[in-house]
């Protein structure tokens, strides 16, 4: 009798276990969000780039200079290219000859072309009286093609306009670490531009 009771108990427990395994509800699974690759960014290091025009700027050791066609004979155009980050800072230097207002309006026009895709455009003044460096920096938030643009000038002889572009579709979340890294380089450029 006792053996029958133990055998019945084991069968009952096994039956309940099999029933529970077969009829249990599967766990709800959720799709994982799209992730982005981690980008290892090096510590910033700079070298001085003496442009063929009348200025010099610090440029990241991890960037190369791409000289472009001069276009107008008095202009100087080049890119600061970050090959590993797939980003370029397009730069144009023009001498000022009584046309500073036109050049400032052009910089504003270039930045405002991104208004349709931008969620905000933040302007900040650049004023460094001792070095004679003045300008405006445009931080363009949202899915704009160029998230950062600026111009600097001494207002009498020199004018430098630059715009940052990435070689990928503008997705602020995915480019944020690279953007912040290059933004630091641009801040260094603005702080240390020297007119000749």
- Item | Residue among 176, 169 that is surrounded by fewer than 17 Cβ atoms within 10 Å (Cβ to Cβ), out of contact with any helix residue (DSSP H, G or I) (no Cβ under 9 Å at 6 or more places or on another chain), in a helix (DSSP H, G or I) and at pLDDT below 95 | 176
- Item | residue 122 being part of a strand (DSSP E or B) and surrounded by fewer than 17 Cβ atoms within 10 Å (Cβ to Cβ) | yes
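The values are calculated or read from the model by the stated rules, or taken from the named source; none is laboratory data. Values in this document were obtained by computation on a predicted structure and should not be read as measured data. A quick note on method: Cβ atoms are made from the backbone with ideal geometry, for glycine too, and the neighbour counts reach across all protein chains shown.
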